[in-house]
Amino acid sequence: MVKKIIGIKKQKESSEVMLARIKEDLKDRYTCYVLIACSPALGDGRMDVEMHFDGDEDLASMLVENAAQVFDVGESRRESQ
């Protein structure tokens, strides 16, 4: 699996405009994508979490499941050290 981070420059555009730009860029380059983001934690620890995807729902689900496995393996390695 290749990890690629799409850079986001701080600009004077609204979150909605920035999200639309990112989604359009992803849609132009990929058959399917899943975008998960969260706001900074509030004082009580809560965060707003948003998920957007485009493409086949089954493929998006598979992407999320495979991503979870990558994080699970990383967590197992850290715990064993």
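The values are calculated or read from the model by the stated rules, or taken from the named source; none is laboratory data. What you are looking at is a predicted structure, and each value in this text was computed from that prediction instead of being measured. Glycine gets a Cβ as well: all are built from the backbone with ideal geometry, and neighbour counts include every protein chain shown.
For residue 39, work out the one condition from (1) within 21 Å of residue 19 (Cβ to Cβ); (2) at pLDDT 90 or above it doesn't fulfil.
Condition not satisfied by residue 39: (2).
When you scan region 51-71, how many residues do you find that are touching a Leu at 6+ places or on another chain (Cβ under 8 Å) and either acidic (Asp, Glu) or part of a helix (DSSP H, G or I) (or both)? Lay out the reasoning, then the answer.
Initially, region 51-71 is screened for residues touching a Leu at 6+ places or on another chain (Cβ under 8 Å), giving 51-54.
Narrowing further to those that are either acidic (Asp, Glu) or part of a helix (DSSP H, G or I) (or both): 54.
Number satisfying all stated conditions: 1.
Does region 11-24 include one or more residues that are basic (Lys, Arg), exposed (fewer than 13 other Cβ atoms within 10 Å of the Cβ) and modelled with pLDDT under 90?
Our first condition is that a residue be basic (Lys, Arg); within region 11-24, this holds for 12, 21, 23.
Retained after the next criterion (residues that are exposed (fewer than 13 other Cβ atoms within 10 Å of the Cβ)): 12.
Narrowing the set further to residues that are modelled with pLDDT under 90 leaves 12.
Yes, that holds for at least one residue.
Here is a yes/no grid of residues against (1) in contact (Cβ under 8 Å) with a residue 12 or more places away in the chain; (2) aliphatic (A, V, I, L, M):
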position	(1), (2)
13	no, no
16	no, no
27	yes, no
34	yes, yes
38	yes, no
41	no, yes
44	no, no
57	no, no
65	no, no
